[in-house]
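The values are calculated or read from the model by the stated rules, or taken from the named source; none is laboratory data. Everything numeric here is computed off the predicted structure, so don't read it as measured data. Cβ: placed from backbone, ideal geometry, glycine included. Neighbour counts: every protein chain shown. Remember, those area values only see protein heavy atoms, side chains included, never the ligands or the DNA or RNA. Shrake-Rupley method; radii C 1.70, N 1.55, O 1.52, S 1.80 Å.
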Amino acid sequence: MSMTKKSRIFTICLFIFFILIAAITLLPLALLAVSSLRPGSDLMRYGLNFSIDWANANLNEYKMLFSGQNAYFIWYKNSLIITVVQVGLALFLSACVGYGFAMYDFKGKNILFLCVLLVMMVPTEVILLPLYRLIVKMKLINNMWGIILPYLVVPMLVFFFRQYLSGIPKDFLDAARVDGCTEYGIFFKIMIPLMKPSFAAMGIYQGMQSWNNFLWPMVVTNSIDKITLPVGLQSLLSPYGNNYDILIAGSCFAIIPILILFICFQRYFIEGMTAGGVKG
């Protein structure tokens, strides 16, 4: 068998393999979409499955969702605001820190970066209590900023930006300084345009983390009009009753922002992830 034929067979097998992986990945989403067309009583009786009587399929759950008789879109608005603010600030501040680690030499640099790596290894649950006490002292309980502040500088993002920027030659900085550009000008006019792929990759990553964050918003908020979407959807399941009608339809609608985020930045995503993984 010639090498060309072997290569073609390998490509076909690889293509089939990735199609299967994509199908397995999309299966839960398809199951969720089909289940949202069924009454909540059917979900209680039969669970999540593809067995559906299409003659009785309807959009009543979505009509109930948009009727305004529940707090779903208040939770949705809270999550959108928190995600947009948190992602924007986290990307900018983490990029500034990563830029400092990558492009400047200063005393204690390696020790500080080691601290960043150590913080990455600490689960949120370990620091939950001291973090909660800090937020209480700052009087930010049941406040949007109480959710946002602990995630303004994200160790994972700092590490990624540092790795990405380490692959950019420092000649850019030297040439800009010779031309009279300030340090702030170098960062905003030269480095940020070069970092677009990394911003896109980390924007998707941090967007998903912020949008799906459940534990910390649940701890910090205590009123129905302040909670985020994941916490609100979880509140629909209680010992006193389960509102599956809103839960399933609301879960389907909750996927839309993440899909839009990925579609908008997918052209940069692979480039940014690859560069951040191999440079430095």
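By a 1.4 Å probe calculation restricted to protein chains, residue 119 has an accessible surface near 80 Å², given to the nearest 10.
Using packing as a proxy for protection, rank 255-262, 96-103 so that the peptide with the highest average count of other Cβ atoms within 10 Å comes first. Intermediate results must be reported in sequence, preceding the final value.
Details: 255-262: 13.9, 96-103: 19.9.
Sorting 255-262, 96-103 by mean packing, highest first, produces 96-103, 255-262.
In straight-distance terms, cross-link reach from residue 137 covers every one of the lysines whose alpha-carbon lies under 25 Å from its own, apart from those fewer than eight places away in the same chain; here that gives 226. Rolling a 1.4 Å probe across the protein heavy atoms gives the chain an accessible surface of 60 Å² per residue. Modelled label positions at residue 170 and residue 12, each set 7 Å beyond Cα in the direction of Cβ, lie 5.3 nm from each other.
On alpha-carbon atoms, Rg over Rh for the chain using Kirkwood Rh?
Working: Rg = 23.5 Å, Rh = 22.2 Å.
Reported Rg/Rh (Cα atoms, Kirkwood Rh): 1.06.
Given a 1.4 Å probe and the protein chains as shown, residue 105 ends up with an accessible area of around 130 Å². Using a 1.4 Å probe on the protein heavy atoms, what percent of the accessible area of segment 155-197 belongs to carbon and sulfur? Of the solvent-accessible surface of segment 155-197, carbon and sulfur hold 64 percent. Using only Cα atoms, locate the centre of segment 63-102 and the centre of segment 109-153, then give the distance between them in Å, rounded to an integer. Value for the Cα centre distance between the two parts: 17 Å.
When only C-alpha pairs under 8 Å and at least 6 residues apart count, what is the relative contact order of the chain, in percent?
Details: 250 pairs, mean separation 82.8, N = 280.
Once normalised by length, the contact order is 30 percent.
Here the Debye sum runs over all C-alpha atoms of segment 100-156 as equal scatterers in vacuum, and log10 of I(q)/I(0) at q = 0.14, 0.21, 0.27 Å⁻¹ comes out as -0.53, -0.88, -1.08.
Rg over Rh of segment 1-144, using C-alpha atoms and the Kirkwood radius, what does it come to? Spell out each step's value before the answer.
Details: Rg = 25.3 Å, Rh = 22.0 Å.
Over the Cα atoms of segment 1-144, Rg/Rh equals 1.15.
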